[in-house]
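To start, the structure under review is shown below, and the notes come after it.
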Ligand SMILES: Cc1ncc(COP(=O)(O)O)c(C=O)c1O
């Protein structure tokens, strides 16, 4: 066998998102691009804001002395200083550039912090439903992912956390606004979860680090604001990227920020800097570090997502689908009207609607749809949703109950 057993196993299991993506391509080759309603991918198509484009142009056209060279593995010092200024403004905590490592997106940041933290067999709690790549990232570095289910309405569950922590627990990953649920954790939900984390850390005699994966922080609706994890827990690491908020998914730029009061802070930052280098990233893309440094206050135009969210939540609720209203990100995670979510997804495909089964995110009985899609596709899909709903007797029953 040429490739490793682990990779071979992962390839055969293949992610549901990938499977649906391939199925989508097959259907598009039959029905044409416009004949398929593809809600599978979280691939933001909104263009970067003009402020970012202007800054990039300035950098490309201006004097370029040294900007394409190697730099410190943690990134350009002047960029890290600017990120720190933004974090100070947000949190009123004493961040400096020395707490920041510029990374190849949030994916790169997650890999370097996990490599820095994990000994073989160390456990990392992931809150289900989850972004499935977490499992691979943890396994990349010899760790063991441990499922820590959220509540029925996808809230972090302190009791569940306390029951899952063992002496091998090294870290917990949380993600708000959440992929796949769109849930934004409130200050009190985070506080209660972090209180439990402190109790658990004390019980096992070492700090459990809280990795807060926040690439959707700036994508919220109806005035919802994401609380700062740094106000709830000292042993925390913020991870983010500009894939979603500046529309730069392909440019691979993000950062991690270790809390100024974290236990073993200097080792953590030195470890992450070393791992950025030795995992082969070396450093985050230079030009994009420089371009995003002055764009911390801008975001893509969210009006298209807002409109999609309004249209879909209204229409699907009227058809009887049940879901938690997403406060952020660009996902909806409704209950599947069939007990078997995979069967429901196959049924949706008959109407040329492509969504991903909740099974693929560690929560069966649901399905995820991404509304990072053009408005006109959402509008065109509405009659297909009606046809699909008419074929789901359970939805009718739910609707009757609601009308009662
Ligand atoms: C929850 C979550 N974390 C991390 C990532 C990775 O983002 P990036 O493109 O910054 O690597 C994604 C991408 O979809 C995501 O949904």
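The values are calculated or read from the model by the stated rules, or taken from the named source; none is laboratory data. This structure is a prediction, so every number in the text was calculated from the model and none was measured. Don't worry about glycine lacking a Cβ; one is built from the backbone with ideal geometry, like all the others, and counts go over all protein chains shown.
From the list 271, 280, 254, exactly one residue is within 16 Å of the ligand (Cβ to nearest atom) and touching a helix residue (DSSP H, G or I) at 6+ places or on another chain (Cβ under 7 Å). Which is it?
254
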- Message: Against the condition more than 24 Å from residue 355 (Cα to Cα) and within 16 Å of the ligand (Cβ to nearest atom), how does residue 75 come out, does it pass?
- Response: yes
Going through the range 91-113 in order, the residues found to be assigned to a helix (DSSP H, G or I) and within 16 Å of the ligand (Cβ to nearest atom) are 105, 106, 107, 108, 109, 110, 111, 112, 113
Being closer than 22 Å to residue 45 by Cα and either in the same structural domain as residue 96 (by TED's automatic domain parsing) or surrounded by fewer than 16 Cβ atoms within 10 Å (Cβ to Cβ) (or both) narrows 233, 255, 305 down to just 255
Going through the range 129-145 in order, the residues found to be outside any loop (DSSP other than H, G, I, E, B) and more than 11 Å from the ligand (Cβ to nearest atom) are 135, 136, 138, 139, 140, 144, 145
Over the range 169-183, the set of residues out of contact with any strand residue (DSSP E or B) (no Cβ under 7 Å at 6 or more places or on another chain) and either more than 10 Å from the ligand (Cβ to nearest atom) or part of a helix (DSSP H, G or I) (or both) is 183
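Residue-by-condition table, conditions (1) at pLDDT 95 or above; (2) buried (at least 16 other Cβ atoms within 10 Å of the Cβ):
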| site | (1), (2) |
| --- | --- |
| 40 | no, yes |
| 49 | yes, yes |
| 66 | no, no |
| 73 | yes, yes |
| 84 | yes, yes |
| 95 | yes, yes |
For this session: Report whether or not residue 222 is touching a residue at least 40 places away in the same chain (Cβ under 8 Å) and within 13 Å of the ligand (Cβ to nearest atom).
Result: no
Picking from 313, 273, the residue that is crowded, with 17+ Cβ neighbours inside 10 Å, in the same structural domain as residue 190 (by TED's automatic domain parsing) and in a helix (DSSP H, G or I) would be 273
Over the range 227-247, the set of residues assigned to a loop (DSSP other than H, G, I, E, B) and within 13 Å of the ligand (Cβ to nearest atom) is 242, 243, 244, 245, 246, 247
When residue 287 is run through (1) buried (at least 24 other Cβ atoms within 10 Å of the Cβ); (2) in contact with a helix residue (DSSP H, G or I) (Cβ under 9 Å, 6 or more places away or on another chain); (3) not in a strand (DSSP E or B), the failure sits at (1)
Counting only residues in the range 184-215 that are in a loop (DSSP other than H, G, I, E, B) and within 11 Å of the chain's Cα centre (by Cα), the one surrounded by the fewest Cβ atoms within 10 Å (Cβ to Cβ) is identified as 214
